[in-house]
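The values are calculated or read from the model by the stated rules, or taken from the named source; none is laboratory data. What you see is a predicted model; the values in this text were computed from it and never measured. When we count neighbours, we look across all protein chains shown, and the Cβ atoms used for this are built from the backbone with ideal geometry, even at glycine.
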Amino acid sequence: MDLKPLIRSIPDFPKDGILFRDITTLLQNPDGLNHVIDRLVELYADESIDYVAGIESRGFIFATPLACRLSAGFVPIRKPGKLPAATHFTEYELEYGTDRLEIHQDAFPPGSRVLIVDDLLATGGTAAAAAQLVEKTGSHLTGFAFIIELLDLGGRQKLPDLPIQSLIEY
């Protein structure tokens with residue numbers, strides 16, 4: 001199934017010069033959404049994943065059903081102040097400042113095999129920060145899965161040398 005027609009492109013959002021790739025139209029399409037989850041399951045069915053970590057917030061949408069289908073646990077990687085127990089955190093650079101991500105310190109048993117999932121790989125800063133958090137827990141990061149990758153922004157180069165899967169490339 002060709003997923004690109006299910007992605008809406010919105011020029012000049014959130015600011016002038018940006019072409020925003022909107023997944024809400026994909027989410028509204030049951031066949032497209034099921035295809036995305038089925039495809040991710042195909043990619044990771046033989047990888048012995050213990051946990052799927054989804055990055056807030058759109059990563060949750062894909063990571064949770066993937067975790068269920070892989071018989072793995074789901075762990076949220078969140079923005080500051082959203083997790084109730086003790087957390088690890090990391091700060092990372094944005095084009096307009098810094099941001100921070102957090103994960104529960106007890107999110108995974110040490111040595112767990114973890115896959116990070118998000119909707120979009122752009123500059124790579126958020127995914128690289130998520131990878132640092134998984135490492136802080138003493139777990140083994142197995143790779144990354146994205147629905148969309150914006151190739152011209154070079155996000156892959158900021159990530160650890162691990163398998164990276166993207167279903168749609170622009």
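For every residue, the table says whether it meets (1) of a type in the set (Asp, Glu); (2) farther than 17 Å from GLY143 by Cβ; (3) free of Cβ contacts under 8 Å to residues at least 40 places away in the same chain; (4) surrounded by fewer than 18 Cβ atoms within 10 Å (Cβ to Cβ).
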| residue | (1), (2), (3), (4) |
| --- | --- |
| LEU6 | no, yes, yes, no |
| GLN28 | no, yes, yes, yes |
| ASP38 | yes, yes, yes, yes |
| ILE49 | no, no, no, no |
| GLU56 | yes, yes, no, yes |
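Restricting the stretch 142-154 to residues that are over 12 Å from the mean Cα position of the chain (by Cα) and not in a loop (DSSP other than H, G, I, E, B), the residue that is surrounded by the most Cβ atoms within 10 Å (Cβ to Cβ) is THR142. Which one of LEU115, LEU101, LEU33, LEU66 is touching a strand residue (DSSP E or B) at 6+ places or on another chain (Cβ under 8 Å), part of a helix (DSSP H, G or I), hydrophobic (A, V, I, L, M, F, W, C) and at pLDDT 95 or above? Step by step, each of LEU115, LEU101, LEU33, LEU66 is checked, and only LEU66 is touching a strand residue (DSSP E or B) at 6+ places or on another chain (Cβ under 8 Å), part of a helix (DSSP H, G or I), hydrophobic (A, V, I, L, M, F, W, C) and at pLDDT 95 or above. Confirm whether TYR96 is closer than 19 Å to LEU141 by Cβ and at pLDDT below 95. Answer is no for this residue.
For the stretch 83-98, name all the residues that are touching a strand residue (DSSP E or B) at 6+ places or on another chain (Cβ under 9 Å) and either part of a strand (DSSP E or B) or closer than 28 Å to ALA45 by Cα (or both). Within the stretch 83-98, THR87, HIS88, PHE89, THR90, GLU91, TYR92, GLU93, THR98 qualify. Taking the stretch 160-170 as the range and being of a type in the set (Ser, Thr, Tyr) and assigned to a strand (DSSP E or B) as the test, only SER166 passes. Which pairs have Cβ atoms under 9 Å, sit 6 or more apart or on different chains, and link a residue in the stretch 125-141 that is surrounded by fewer than 21 Cβ atoms within 10 Å (Cβ to Cβ) to one that is assigned to a helix (DSSP H, G or I) and hydrophobic (A, V, I, L, M, F, W, C)? Close Cβ pairs satisfying both conditions: HIS140/VAL134. Which one is nearest to LEU120 (Cα to Cα) among residues in the stretch 60-102 that are of a type in the set (Val, Ile, Thr) and touching a Lys or Arg at 6+ places or on another chain (Cβ under 9 Å)? Among residues in the stretch 60-102 that are of a type in the set (Val, Ile, Thr) and touching a Lys or Arg at 6+ places or on another chain (Cβ under 9 Å), the one nearest to LEU120 (Cα to Cα) is THR90. Here GLN157 meets each of (1) part of a helix (DSSP H, G or I); (2) out of contact with any Lys or Arg (no Cβ under 6 Å at 6 or more places or on another chain); (3) under 20 Å from LYS79 (Cα atoms) with one exception, condition (3). For the stretch 8-26, the set of residues classified as touching a residue at least 12 places away in the same chain (Cβ under 8 Å) and among the aliphatic types (A, V, I, L, M) consists of ILE10, ILE23, LEU26, listed by residue number.
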